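So the structure is just underneath, and the comments pick up after that.
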Amino acid sequence: MKREIIDTGDGSKSINIPEWKEQYHSKHGALQEALHVFIEMGLKDTLSRKQDPKETISIIEYGLGTGLNAMLTAQFLTDTPIHYTGVDAYPVTYEEAMAVNYGELLKDETLYKKLHSCEWEQPVKLTSNFTIEKLEKKFKNLDDIATYDVIYYDCFGPRVQPDLWKLDMFQAAYASLKPEGVLVTYCAQGQARRNMIEAGFTVEKLVGPPGKREMLRARKL
Ligand SMILES: C[S@@+](CC[C@H](N)C(=O)[O-])C[C@H]1O[C@@H](n2cnc3c(N)ncnc32)[C@H](O)[C@@H]1O
C-alpha cells in the first residue's frame, strides 16, 4: 500500500495511507500524542509504581512503525533499564524513517539512525539502559506469557483493522503481561474497551491527547 509523509498539527511529521485515509499518528499532533498516551500514561505510570528502580522493565510495542514511541522511550531519563520489543510485520523503510526525521525533531539523529539501522530479530543495546529487539512478525503470532510490564498498543484503528481490536488479540495481550502490567492505547472505542474487559483487564478511560477526548489504559490486576 502506498505511504506518504504528512505534517501533523503540532509540526511533527507522520505517515498517511491514502487508500485507507489512516495515519500512523494523530493528525492533531504525532509528537504530542506519543508523549501523552505512551510516555505519560504508560511508561511514567509504570516507573512510578516500580518497587525496585534497578529492575528492568519490559515494554512491547504493537506497531513499531516510524519508531517515534521507541525513540521517546529511549530518551526518557531514568536509571531503570528498559527492554523494548518493537513488533511490525510491514516495517517502514529507512528512507521513510529519515523523511519523518524524528532524529532531528528529538535532537538525537545518531540514536534515531541506530534505531532504524540496527539488526532485527535480536536484542541491540542502543544506550546505557535501553535495549531494543525489533521483530518482523504479525501480532497474531505473538505468544509470550507474563513477559511484559507495558504494552504500547499502537495498531491502526478499528475502522481499518477491526481484527486487531477483537477479544482474541486482547486475550493474548493479557496473557503476555506480568501481574500489574498495563496496556495503553490512543483508541477509546466502546467495543474495543468491552473486549479488553472480557479478556480480563480493568480498564480506565483517561483524558486523551490534544484533539482526542479519551484514551484507554487497561490493567492486569
Ligand atoms: C499506527 S502504525 C504504528 C505507528 C508507530 N507506533 C509509530 O510511532 O510510527 C501501525 C503499525 O502496525 C503495523 N501492522 C499493521 N498490521 C500488522 C499486523 N497484522 N501485524 C504486525 N504489524 C502490523 C503497520 O506496519 C504499522 O507500522
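Every number in this text was worked out from the coordinates using simple rules, so none of it is lab data. Model, not experiment: these values are computed from the prediction. Don't worry about glycine lacking a Cβ; one is built from the backbone with ideal geometry, like all the others, and counts go over all protein chains shown.
Show me the ranking of peptides 13-26, 48-61, 173-186 by mean Cβ neighbours inside 10 Å, starting with the highest.
173-186, 13-26, 48-61
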Q) Got a sec to turn the phi values of the stretch 134-139 into Karplus ³J(HN,Hα) couplings, 6.51 cos²θ - 1.76 cosθ + 1.60 with θ = phi - 60°, whole Hz, x for Gly and Pro? A) 8, 10, 8, 7, 7, 4
Q | Under 13 Å from the Cα of residue 220 - aspartates and glutamates, other chains or at least 8 residues apart | A | 149, 180, 198, 204
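State the percent of C-alpha pairs, over all pairs in the stretch 6-98, separated by a distance greater than 19 angstrom.
So the portion of pairs separated by more than 19 Å is 45 percent.
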Q. For the stretch 135-221, what relative contact order do you get, as a whole percent, if you take Cα pairs closer than 8 Å and at least 6 residues apart?
A. 30 percent
Q: Run the dipole for the stretch 29-78 about the Cα centre, Lys and Arg Cβ at +1, Asp and Glu Cβ at -1, nothing else charged, and hand back the magnitude in debye, nearest 20.
A: 120 debye
Q: Per DSSP H run of at least 4 residues, take -39500 (n - 2.57); add these up for the chain, divide by its residues and hand me the 222 nm value, nearest 500 deg cm²/dmol.
A: -6500 deg cm²/dmol
Q: Would you work out which of 176, 160, 195 lies farthest towards the positive end of the dipole of the stretch 29-219? Charges go on Cβ: Lys and Arg +1, Asp and Glu -1.
A: 195
Q | Average Cα contact separation per residue, the stretch 29-219, under 8 Å, 6 or more apart, as relative contact order % | A | 23 percent
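Using the per-residue mean of other Cβ atoms lying within 10 Å as a proxy for protection, in what order, highest first, do the peptides 104-116, 133-145 fall? List each step's numbers first, then the result.
Details: 104-116: 17.1, 133-145: 14.2.
Per-residue Cβ counts within 10 Å, averaged per peptide and sorted highest first, yield 104-116, 133-145.
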Q: Kindly work out what percent of the DSSP beta bridges joining two residues of the chain are antiparallel, to the nearest 5.
A: 50 percent
**Q.** Net charge dipole size for the stretch 29-219 [Lys, Arg +1 and Asp, Glu -1 on Cβ; Debye, nearest 20]
**A.** 540 debye
Q. Under a 5 Å amide H to amide H cut-off, with H placed in plane at 1.01 Å, what residues pair with residue 15 once short-range neighbours are removed?
A. 6, 24, 25
Q: Enumerate the calculated ³J(HN,Hα) couplings along the stretch 154-162 in order (Karplus 6.51 cos²θ - 1.76 cosθ + 1.60, θ = phi - 60°), each rounded to whole Hz, writing x wherever the residue is Gly or Pro.
A: 10, 6, 4, x, x, 4, 9, 10, x
**Q.** Residue among 155, 118, 187 with the largest mean-square fluctuation in a Gaussian network model of the chain, springs linking Cα atoms under 10 Å
**A.** 118
Q: Treat the chain as a sphere of radius equal to its Kirkwood radius over Cα pairs and apply Stokes-Einstein at 25 °C in a medium of 0.890 mPa s; give the translational diffusion coefficient in µm²/s, rounded to a whole number.
A: 141 µm²/s
Q. Which residues' amide hydrogens lie under 5 Å from the amide hydrogen of residue 66, considering only partners 5 or more residues apart or on another chain, with H built in the peptide plane?
A. none
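With +1 on the Cβ of every Lys and Arg and -1 on the Cβ of every Asp and Glu, and nothing else charged, how large is the dipole of the stretch 1-92 about its Cα centre, in debye rounded to the nearest 20? All intermediate terms of the calculation are to be shown ahead of the outcome.
Numbers: 9 positive and 13 negative charges, 10 e Å.
The calculation lands at about 40 debye.
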Q) Just going by the charge dipole of the chain, with Lys and Arg at +1 and Asp and Glu at -1 on Cβ, which of 111, 91, 186 is farthest out on the positive end? A) 186
Q: Rounded to whole Hz and in sequence order, give me ³J(HN,Hα) for the stretch 28-35 from the Karplus expression 6.51 cos²θ - 1.76 cosθ + 1.60, θ = phi - 60°, writing x for Gly and Pro.
A: 6, x, 5, 5, 5, 5, 4, 5
